[in-house]
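> One structure coming up, written as structure tokens, with questions to follow.
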Amino acid sequence: MSNTAAEWRIASDAQDGVGDRAAEVWQYRQILWFFSVKALQTLYAKTHLGVWWIFLRTLVPLLVASFVYGSVMNIASGGVPYLVFFLAAQVPWNCFDGPLVRGSRGLEVNRGLLVKLYVPRIILPLGGMTPGIVEPVIVALVLACTLIYYRINDGIWYVASEPRPLAAVAALVLVLAFTFSVTLFTSVWQARARDARFVLRYVVGFWVFFTPVIYPLSQVPEDLRWLMHLNPLTAPVETFKWAVLPGMEHSWTWFLYTVAVTVVTFFAGVRFFLRAESETMDKL
Amino acid sequence: MTERWEVSPRYPGVAGTMVEVWQHRGLLRFVGDRALRKMYRRTVLGWLWLFINPLFPLALRALVFGALLGVGSDGLPYFLFLLAGTVVWEVFSTSLMWGTRALEMNRDLYGQVYHPRAILPFGNMTPSFLNLALKVAIFALALAYYTVRDGRVYLRGDWALLLAVGALLLSLLFALALSFFTSIWGERTRDMRFALGGLMGVWYLLTPVMYPLSQVPAEYRGWMLLNPLAIIVETFKWSLFGVGEFYGAALAGTAAGVMLLLLAGLTYFTRREARVVAER
């Protein structure tokens with residue numbers, strides 16, 4: 001038997017500071033992958049229809065809503081068929097709606113796991129958000145099919161004369177970044193109190209009415225439009241529509257405003273999240 | 001003095017269930033009380049939700065669809081129009097949501113005290129009655145406000161008003177009939193509740209609550225009338241304000257259909273309840 005005493009070293013992965021935390025998240029990126037896949041599977045697990053369920057659940061409400069808003073309630077749509085307008089606005093909106101609700105559940109759902117192993121907790125809302133990307137992709141695909149349908153049927157491409165794919169992608173990324181920043185707050189609240197879920201559902205239900213998703217911004221009286229633009233989601237939604245559809249307007253100034261709001265929310269969110277982590281999360 | 005106890009088997013069949021439910025009607029208060037308590041348990045705002053819940057979405061929809069987008073409302077103030085439709089729609093939707101959870105929420109009662117299970121879907125709907133009472137109060141206030149403001153009597157003054165109560169009752173019975181099915185299906189999985197939530201969103205859009213049926217393009221109107229709720233909602237608004245059309249034959253058909261469905265639901269429930277409870 002050798003005489004050398006065993007050497008024990010306690011290494012903690014937890015480090016302080018935002019930069020260190022970011023590095024930590026990068027170290028644990030495979031776990032992020034694990035959580036994303038897990039969350040993705042819960043989308044359709046245990047349903048008879050399987051993957052088709054996602055399509056059905058995303059599309060049927062959209063198509064019915066488009067019929068009711070466009071054909072029955074005759075809401076204006078800025079010169080393109082209402083369905084095209086509505087779907088184009090739903091792509092960025094779904095980058096917010098679904099990911100926000102799912103990401104906010106991130107901590108609550110994985111409560112049991114948190115006790116068993118160490119992961120940087122910020123990974124949980126981020127991982128929870130990822131399946132939310134599926135819905136905007138589906139909506140975008142259906143938008144493409146709709147455009148082709150109108151091309152064949154009416155002989156008109158309802159596409160911007162010079163489409164701006166970069167601007168469209170930038171708008172979507174901005175929405176996702178904003179959503180993640182908000183999730184940093186909401187996931188903590190939701191882990192603390194059950195109300196948060198109700199409040200969130202309400203606020204999101206509200207929010208869609210204050211974002212030009214079911215009606216164009218041009219319907220709002222001109223002197224009130226700045227009020228609509230205070231909503232950080234208005235600008236990216238407008239930019240996305242401008243990049244894809246013909247005859248739309250948007251403003252880079254307000255786009256930059258949303259970028260600024262997102263940056264501020266993000267840093268405030270990270271600070272809030274890290275503090276809450278040590279204070280309340282261990283009591284979950 | 002000796003107390004006499006009689007132990008007897010339960011009455012067989014659907015008629016037996018009905019008799020039994022009537023004999024145990026005292027339990028309704030108890031079940032309703034439980035449901036009310038569970039409604040906002042573990043929430044910070046608690047009972048405040050009772051008021052936030054109906055008011056916020058209503059005010060917002062009125063603002064966006066009525067004021068901003070100018071959706072038609074059969075000549076009524078849009079808020080009043082929306083409120084009337086919402087009252088009768090929510091009697092249906094909230095009753096169905098709570099009725100669906102009846103068995104799942106009262107599992108702990110199974111082993112404790114004997115009760116006819118058929119009492120649970122109705123008893124569990126109590127929160128929706130509270131919601132209805134609140135909505136009716138808001139409706140009365142709004143009606144008074146618009147009557148004074150416009151100097152015009154919106155409410156009609158004849159016997160048709162009684163039909164409005166009938167429409168409310170019909171929408172409640174329809175929810176109860178469906179609950180006899182959904183509560184059994186939803187006993188084991190929460191999926192039922194989520195699927196129902198998605199379905200209700202679509203159903204709401206297809207029911208003329210936010211818009212009058214007269215605004216639906218003529219080629220689709222026949223299809224819309226296949227929705228029993230569309231007929232109930234239109235009847236309610238017609239009997240309150242005299243707006244829209246009165247679909248007499250369709251209403252009679254809906255009423256008959258709801259009664260049949262109620263009977264079918266009770267039969268289904270009676271047959272399945274024993275198995276669902278025993279499998280726990």
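> Quick test for you: out of A:Tyr158, A:Tyr215, pick the one residue that is outside any helix (DSSP H, G or I) and within 14 Å of another protein chain (Cβ to nearest Cβ).
Details: A:Tyr158 fails: within 14 Å of another protein chain (Cβ to nearest Cβ).
Exactly one of A:Tyr158, A:Tyr215 is outside any helix (DSSP H, G or I) and within 14 Å of another protein chain (Cβ to nearest Cβ), namely A:Tyr215.
> Considering each of A:Leu233, A:Leu224, A:Leu184 in turn, give the residue that is open to solvent by less than 10 Å² (accessible area, probe 1.4 Å) and either under 22 Å from B:Arg61 (Cα atoms) or of a type in the set (Asp, Glu) (or both).
Being open to solvent by less than 10 Å² (accessible area, probe 1.4 Å) and either under 22 Å from B:Arg61 (Cα atoms) or of a type in the set (Asp, Glu) (or both) holds for just one of A:Leu233, A:Leu224, A:Leu184, which is A:Leu233.
> Taking A:Phe240, is it more than 14 Å from every other protein chain (Cβ to nearest Cβ), aromatic (Phe, Trp, Tyr), closer than 20 Å to A:Val139 by Cβ and open to solvent by less than 50 Å² (accessible area, probe 1.4 Å)? Break it down stepwise before answering.
On the way: more than 14 Å from every other protein chain (Cβ to nearest Cβ): yes; aromatic (Phe, Trp, Tyr): yes; closer than 20 Å to A:Val139 by Cβ: yes; open to solvent by less than 50 Å² (accessible area, probe 1.4 Å): yes.
Taking the combined requirement at face value, the residue satisfies it.
> How many of the residues in the range B:161-186 are open to solvent by less than 20 Å² (accessible area, probe 1.4 Å), farther than 16 Å from B:Leu229 by Cβ and not in a loop (DSSP other than H, G, I, E, B)?
3
> Can you pull out the residues in the range A:67-77 that are assigned to a loop (DSSP other than H, G, I, E, B) and crowded, with 20+ Cβ neighbours inside 10 Å? Explain how you work it out, then say what you get.
Pass one, the range A:67-77, residues assigned to a loop (DSSP other than H, G, I, E, B): A:73-77.
Hits for the range A:67-77 are A:Met73, A:Ile75, A:Ser77.
> All but one of (1) open to solvent by 90 Å² or more (accessible area, probe 1.4 Å); (2) under 21 Å from B:Asp108 (Cβ atoms); (3) at pLDDT below 70 hold for B:Tyr40; state the number of the condition that does not hold.
For B:Tyr40, the exception is condition (1).
> Could you please find all residues in the range B:107-139 being of a type in the set (Gly, Ala, Ser) and either surrounded by 15 or more Cβ atoms within 10 Å (Cβ to Cβ) or within 26 Å of B:Phe51 (Cβ to Cβ) (or both)?
Just the residues of the range B:107-139 that are of a type in the set (Gly, Ala, Ser), to begin with: B:111, B:118, B:123, B:128, B:133, B:137.
Residues satisfying the conditions are B:Ala118, B:Gly123, B:Ser128, B:Ala133, B:Ala137.
> Can you tell me which residues in the range B:214-230 are within 19 Å of the chain's Cα centre (by Cα) and either small (Gly, Ala, Ser) or on the phi > 0 side of the Ramachandran plot (or both)?
B:Ala230 - this is the single residue of the range B:214-230 that is within 19 Å of the chain's Cα centre (by Cα) and either small (Gly, Ala, Ser) or on the phi > 0 side of the Ramachandran plot (or both).
> Something else now. Which residues, counting only those in the range A:244-284, are modelled with pLDDT under 90, of a type in the set (Gly, Ala, Ser) and either open to solvent by 10 Å² or more (accessible area, probe 1.4 Å) or more than 30 Å from A:Lys116 (Cβ to Cβ) (or both)?
Once the filter is applied, which keeps residues that are modelled with pLDDT under 90, of a type in the set (Gly, Ala, Ser) and either open to solvent by 10 Å² or more (accessible area, probe 1.4 Å) or more than 30 Å from A:Lys116 (Cβ to Cβ) (or both), the range A:244-284 yields A:Gly247, A:Ser251, A:Ser278.
> Taking A:Val80 as meeting all but one of (1) β-branched (Val, Ile, Thr); (2) in a helix (DSSP H, G or I); (3) away from chain B (no Cβ under 12 Å), write down the number of the exception.
Among (1) β-branched (Val, Ile, Thr); (2) in a helix (DSSP H, G or I); (3) away from chain B (no Cβ under 12 Å), A:Val80 violates only (2).
> Considering only residues that are under 20 Å from the mean Cα position of the chain (by Cα) and under 16 Å from B:Ser73 (Cα atoms), which ones fall in the range B:231-271?
Listed by number, the residues that qualify are B:Val233, B:Glu234, B:Thr235, B:Phe236, B:Lys237, B:Trp238, B:Ser239, B:Leu240.
> Is at least one residue of the range A:145-156 touching a Lys or Arg at 6+ places or on another chain (Cβ under 8 Å), of a type outside the set (Ser, Thr, Tyr), surrounded by fewer than 20 Cβ atoms within 10 Å (Cβ to Cβ) and modelled with pLDDT under 90?
Going through the range A:145-156, the residues touching a Lys or Arg at 6+ places or on another chain (Cβ under 8 Å) turn out to be none.
Scanning the range A:145-156 turns up no residue that is touching a Lys or Arg at 6+ places or on another chain (Cβ under 8 Å), of a type outside the set (Ser, Thr, Tyr), surrounded by fewer than 20 Cβ atoms within 10 Å (Cβ to Cβ) and modelled with pLDDT under 90.
> Kindly check whether there is at least one residue in the range B:147-157 that is more than 14 Å from every other protein chain (Cβ to nearest Cβ), more than 30 Å from A:Tyr69 (Cβ to Cβ) and in contact with a Gly (Cβ under 7 Å, 6 or more places away or on another chain).
yes
> Can you tell me which residue is most open to solvent (accessible area, probe 1.4 Å) among those in the range B:187-229 that are under 30 Å from B:Val153 (Cβ atoms) and more than 12 Å from chain A (Cβ to nearest Cβ)?
Ranking the qualifying residues of the range B:187-229, first place goes to B:Leu225.
> Only one residue in A:Arg164, A:Arg111 is within 26 Å of A:Ser187 (Cβ to Cβ), touching a residue at least 24 places away in the same chain (Cβ under 8 Å) and open to solvent by 20 Å² or more (accessible area, probe 1.4 Å), so which one is that?
On the way: A:Arg164 fails: within 26 Å of A:Ser187 (Cβ to Cβ).
Residue meeting the stated conditions: A:Arg111.
> Filter the range B:59-88 down to the residues that are in contact (Cβ under 8 Å) with a residue 60 or more places away in the chain, assigned to a helix (DSSP H, G or I), open to solvent by less than 20 Å² (accessible area, probe 1.4 Å) and within 14 Å of chain A (Cβ to nearest Cβ) and list them by number.
Our first condition is that a residue be in contact (Cβ under 8 Å) with a residue 60 or more places away in the chain; within the range B:59-88, this holds for B:61, B:65, B:71-77, B:79-82, B:84-88.
Now restrict to residues that are assigned to a helix (DSSP H, G or I): B:61, B:65, B:79-82, B:84-88.
Imposing the further condition that a residue be open to solvent by less than 20 Å² (accessible area, probe 1.4 Å) reduces the set to B:65, B:80-82, B:84-88.
B:Phe65, B:Phe81, B:Leu82, B:Gly85 - these are the residues of the range B:59-88 that are in contact (Cβ under 8 Å) with a residue 60 or more places away in the chain, assigned to a helix (DSSP H, G or I), open to solvent by less than 20 Å² (accessible area, probe 1.4 Å) and within 14 Å of chain A (Cβ to nearest Cβ).
> State which residue pairs qualify: first residue at positive phi and inside the range B:239-257, second residue open to solvent by 40 Å² or more (accessible area, probe 1.4 Å) and at pLDDT 85 or above in any location, beta carbons under 8 Å apart, and separation of 6 or more residues or different chains.
B:Gly244/B:Ser214; B:Gly244/B:Trp238
> Is the range A:84-102 home to any residue that is in contact with a helix residue (DSSP H, G or I) (Cβ under 7 Å, 6 or more places away or on another chain), over 29 Å from A:Val220 (Cα atoms) and buried (at least 20 other Cβ atoms within 10 Å of the Cβ)?
Residues of the range A:84-102 in contact with a helix residue (DSSP H, G or I) (Cβ under 7 Å, 6 or more places away or on another chain): A:84, A:86-102.
Then drop every residue that is not over 29 Å from A:Val220 (Cα atoms), which leaves A:102.
Subsequent filtering for residues that are buried (at least 20 other Cβ atoms within 10 Å of the Cβ) retains A:102.
Checking the range A:84-102: at least one residue is in contact with a helix residue (DSSP H, G or I) (Cβ under 7 Å, 6 or more places away or on another chain), over 29 Å from A:Val220 (Cα atoms) and buried (at least 20 other Cβ atoms within 10 Å of the Cβ).
> Please go through the range A:134-160 and give me each residue that is within 16 Å of A:Val91 (Cβ to Cβ) and touching a Pro at 6+ places or on another chain (Cβ under 7 Å), ordered by number.
A:Tyr158, A:Val159, A:Ala160, listed by residue number.
> What pairs come up if the first residue lies in the range A:176-205 and is away from every other protein chain (no Cβ under 14 Å) and over 17 Å from A:Leu233 (Cβ atoms), the second is of a type in the set (Asp, Glu) and assigned to a helix (DSSP H, G or I), and their beta carbons are under 8 Å apart, counting only those six or more places apart or on different chains?
A:Ser187/A:Glu108
> Further question on the same structure: Considering (1) in contact with a Gly (Cβ under 7 Å, 6 or more places away or on another chain); (2) of a type in the set (Asp, Glu); (3) assigned to a helix (DSSP H, G or I), say which one B:Asp108 fails and leave the rest.
(1)
> How many residues does the range A:150-161 contain that are of a type in the set (Val, Ile, Thr) and either more than 20 Å from A:Glu249 (Cα to Cα) or without any contact (Cβ under 8 Å) to a residue 60 or more places away in the chain (or both)?
Let us first name the residues in the range A:150-161 that are of a type in the set (Val, Ile, Thr), namely A:152, A:156, A:159.
Keeping just the survivors that are either more than 20 Å from A:Glu249 (Cα to Cα) or without any contact (Cβ under 8 Å) to a residue 60 or more places away in the chain (or both) gives A:152, A:156.
So the answer is 2.
> Hey, does the range A:30-47 have a residue that's surrounded by fewer than 11 Cβ atoms within 10 Å (Cβ to Cβ), part of a helix (DSSP H, G or I) and at pLDDT 70 or above? Give the derivation first.
If we filter the range A:30-47 for residues that are surrounded by fewer than 11 Cβ atoms within 10 Å (Cβ to Cβ), which is where we start, we get A:30, A:45-46.
Still in the list and also part of a helix (DSSP H, G or I): A:30.
Imposing the further condition that a residue be at pLDDT 70 or above reduces the set to A:30.
Yes.
The values are calculated or read from the model by the stated rules, or taken from the named source; none is laboratory data. From a predicted model like this one, the values you see are computed outputs, not experimental measurements. All Cβ positions, even for glycine, are placed from backbone atoms using ideal geometry, and neighbour counts span all protein chains on display. Heads up: the accessible areas ignore ligands, DNA and RNA and are worked out on the full protein's heavy atoms, side chains in. Shrake-Rupley method; radii C 1.70, N 1.55, O 1.52, S 1.80 Å.
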